[in-house]
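Peer 1: The following block contains the structure, expressed as structure tokens.
Read-outs throughout are calculated quantities, based only on the coordinates presented, and are distinct from any laboratory measurement. All of these numbers come straight from a predicted model, not from anything done at the bench. No Cβ is skipped: glycine too gets one built from the backbone with ideal geometry, and neighbour counts run over all protein chains shown.
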Amino acid sequence: MIENKPNRTVEKIKKLIDVGLTKTKISKRLGVSDTTISYAYKYGKQISSVYEEELDYMIQDIIDILET
């Protein structure tokens, strides 16, 4: 049986939600459905790594806001 291991994209989504971003805000920025983000967060379902760069931008935006 194939085990679903969370990829880095899933881990970044979890971190963004844990710091207070909503699933809706993340899904709109990535152009995916809320359900996709919910499954990634709740069940660790992998989503394409093509979104990883945009997630990095979101994380950097938060860091920039916190540093100001």
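Peer 1: Gain in length, Ser33 to Asp56, computed as 0.36 nm per residue apart minus the alpha-carbon separation, to one decimal in nm?
Peer 2: Values: separation 23, 0.36 × 23 = 8.28 nm, distance 1.89 nm.
Computed gain between Ser33 and Asp56 is 6.4 nm.
Peer 1: What's the Cα-based Rg to Rh of the chain, Rh via Kirkwood? Numbers along the way, then the final one.
Peer 2: Working: Rg = 12.0 Å, Rh = 12.2 Å.
Ratio of gyration radius to Kirkwood radius for the chain: 0.98.
Peer 1: Something else about it: Hey, if you put +1 on the Cβ of every Lys and Arg and -1 on every Asp and Glu Cβ in the chain, which of Ile62, Ser38, Ile13 ends up farthest toward the positive end of that dipole?
Peer 2: Ser38
Peer 1: To the nearest 20 debye, what charge dipole does the chain have about its Cα centre, counting +1 at the Cβ of each Lys and Arg and -1 at the Cβ of each Asp and Glu? If you can, show how the numbers build up before the last one.
Peer 2: Values: 11 positive and 11 negative charges, 78 e Å.
The dipole of the chain has a size of about 380 debye.
Peer 1: Right, here's the next one. FRET efficiency for Ser48 and Thr22, Cβ-Cβ distance as r, R0 = 30 Å, nearest 0.05?
Peer 2: The pair Ser48/Thr22 has a calculated efficiency of 0.90.
Peer 1: For the chain, set up a Gaussian network in which alpha carbons nearer than 10 Å are linked by springs, and say which option among Ser38, Ser48, Ser27 fluctuates the most.
Peer 2: Of the options given, Ser48 has the highest mean-square fluctuation.
Peer 1: Also, quick follow-up: Restricting to Cα pairs below 8 Å that are 6+ residues apart, what does the relative contact order work out to for the chain? Please round to a whole percent.
Peer 2: On the way: 52 pairs, mean separation 28.6, N = 68.
The value is 42 percent.
Peer 1: Tell me what the chain gives for mean residue ellipticity at 222 nm when only DSSP H runs of n ≥ 4 count, each as -39,500 (n - 2.57), the sum divided by the residue total, rounded to 500 deg cm²/dmol. All intermediate terms of the calculation are to be shown ahead of the outcome.
Peer 2: Working: 4 runs with 45 residues, N = 68.
Helix-only estimate at 222 nm: -20000 deg cm²/dmol.
Peer 1: All other residues with a Cβ under 15 Å from the Cβ of Lys25 taken together, and with Lys, Arg as +1 and Asp, Glu as -1, what is their net charge? List each step's numbers first, then the result.
Peer 2: Values: positive: Lys12, Lys14, Lys15, Lys23, Lys28, Arg29; negative: Asp18, Asp34, Glu54, Asp61.
Once all neighbours under 15 Å are counted, the net charge is +2.
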